[in-house]
1. Students often get this wrong: which residues of region 100-117 have the backbone nitrogen under 19 Å from the point 7 angstrom along Cα-to-C-beta of Arg176?
2. Residue separation times 0.36 nm, minus the C-alpha to C-alpha distance between Val37 and Arg249: what's the value?
3. Work out the length of the dipole vector of region 182-447 about its Cα centre, built from +1 on the beta-carbon of each Lys and Arg and -1 on the beta-carbon of each Asp and Glu, and round it to the nearest 20 debye.
4. Select from region 316-410 those chymotrypsin sites (Phe, Trp or Tyr not before Pro) which occupy a DSSP coil region and have at most 10 other Cβ atoms within 10 Å, ordered by residue number.
5. Can you list residues from other chains, or at least 5 along the same chain, whose modelled amide H is less than 5 Å from the amide H of Glu314?
6. Of the cross-linked pairs Lys118/Lys181; Lys6/Lys77; Lys3/Lys87, which ones have a Cα-Cα span greater than 24 Å in the structure shown?
7. Can you compute the modelled spin-label distance between Asp263 and Lys3, with each label point 7 Å from Cα toward Cβ, in nm?
8. Taking the Cα centre of region 5-174 as the origin and placing charges on Cβ (Lys, Arg +1; Asp, Glu -1), which of Val132, Ser61, Met29 is farthest toward the positive end of the dipole?
Amino acid sequence: MSKWKKYILWFAHEHIEFRFAEMDSLLAMFNFEMRYVEQDNTAPYWIVECDSESNLKKLVSRSVLVRSCIELWAHSKDTQSLHNQLKNYPKHLMDPFFRPDLSFKIEVETFCRHFTQKEKIDKVESFSYLPVKGPVRLKDPDVCLQYIEYYGVRANDPPKLPYDVFFGRWVASGLRQLIQKLSLKTRKFIGNTSMDPQLSLLMANQAKVKSGDIVLDPFVGSGSLLVAAAQFGGYVVGGDIDYLMLHARTRPSRIRQKERATDESIKANMEQYNLQHRYLDVLINDFSCSFWRDRVEFDSIITDPPYGIREATEKVGTNKENFTVSEKHLPTHIPAKVEYSIANIYKDLLQFSAKHLKLGGRLVCWFPVFREDYSDEGLPSHSCLQLVANSEQVLSKVTSRRLLTFEKIRHPTLEEAQDESEITDFRKKYFVVREETRKERRTREAKLRYENWIKSGKNINNL
Ligand SMILES: C[S@@+](CC[C@H](N)C(=O)[O-])C[C@H]1O[C@@H](n2cnc3c(N)ncnc32)[C@H](O)[C@@H]1O
């Protein structure tokens, strides 16, 4: 008979909106049930129930937002009743962890209130009645017991006594260390719009990337999303219209860097993290005229399309009528570009995904919105793709972006492949609100470059 036990999931107190989306994706990926007992998004923890600790371990070890998971032995509003609960905790449930051959330690964590080492030791000693038998080991013990005092989230004004106290056994930790390892600060090649590792890993989790998957980012930029997908075992491939970006020949993104190193590239990033065996390639490609064969299928598509604010939304084309290039000029012809509206980018992205995702495969993409105008009806949609998650990241008072996760539920018919959905053109709206014309934007950007140049005391050719 399966036994449901209580656990506490302790989250990092950021990207709160994304918790459900990440947990649901991981539950779907590992295919098990977890019951939600208590979750209040103002607090950094959830209390859940699960009947398989090994499944829960898998989930937590893949989570970006969970810091740690503890099997809950006691939970109360005050310390006295916590101790009473713990003294009454069934002996047969504790015994397997209190064997003489198992080392242990008791760790004290206080959320939003600082205590001295001495005060912490006093708190540890208040648990001296526990029938532990093994030796104490502070580094890598076999069993780690945790006592947590939760003082709310207002660090400047914590209450005298904790709101909640918890005691339990550490089960697993999330991927917070990986976020440090993949930090953009130390990454070889980055661009102006490189996605930070936390959100990149979160996207790969929502896409349910697993070992052996083939993952595409059609707006790949500096390849941050490929790094995250490869980290979880995906074979990664990307496309981007920008030749200079894919050849790492754009202006350096780090303030103090004068010029790009000759060996900067997405491949070099993969090598930096020992993921080169997961790297398929990146291709210079205008997404509006995709070259993939009809039968090519991806396990997932994760991408951050351009919003037209920090980079242009352009595609190959011309506004001239009946434009042709003579034979003579063909070899040196550089195609002109026209605007690629946000509406068309997402229409193409969803149609492409409906066609090229395998059944059950996921598209995870950011979608910019003008907050005041936001409505679910304005989101891009396709009848073959089911929206399974939609979380907001606020960018400013006026704008935000939403992380949309779609799952392919069936293959498109011919008509569905031509489906057209009307969505608000975010870029137009954004610039209208800020009353900034294209010319003004160019002037502002030129001014910014000039200011940076003055600051760096560089050569005028760098302007
Ligand atoms: C927001 S950036 C992606 C950043 C990327 N996630 C990273 O971490 O570096 C969007 C990218 O889309 C590319 N892009 C713009 N228009 C495109 C098009 N028509 N086809 C393919 N890529 C395009 C831009 O060159 C830019 O690199």
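All of the numbers you see were taken from the coordinates with simple rules; none came from a lab. From a predicted model like this one, the values you see are computed outputs, not experimental measurements. Cβ coordinates were reconstructed from backbone atoms using ideal geometry, including for glycine residues, and neighbour counts include every protein chain displayed.
1. Residues 105-117 fall inside that zone.
2. Values: separation 212, 0.36 × 212 = 76.32 nm, distance 5.21 nm.
Length difference between fully extended and current span is 71.1 nm.
3. Numbers: 40 positive and 37 negative charges, 230 e Å.
Approximately 1100 debye in magnitude.
4. On the way: sites: Phe323, Tyr340, Tyr346, Phe352, Trp366, Phe370, Tyr374, Phe406; in loops: Phe323, Tyr340, Tyr374.
In loop regions of region 316-410 (DSSP not H, G, I, E or B), the sparsely surrounded chymotrypsin sites (Phe, Trp or Tyr not before Pro) are Phe323.
5. For Glu314, whose amide H was placed from the backbone, the distant partners under 5 Å are Tyr340.
6. Numbers: Lys118/Lys181 33 Å; Lys6/Lys77 17 Å; Lys3/Lys87 21 Å.
Beyond 24 Å: Lys118/Lys181.
7. Result for the modelled spin labels: 5.5 nm.
8. Val132
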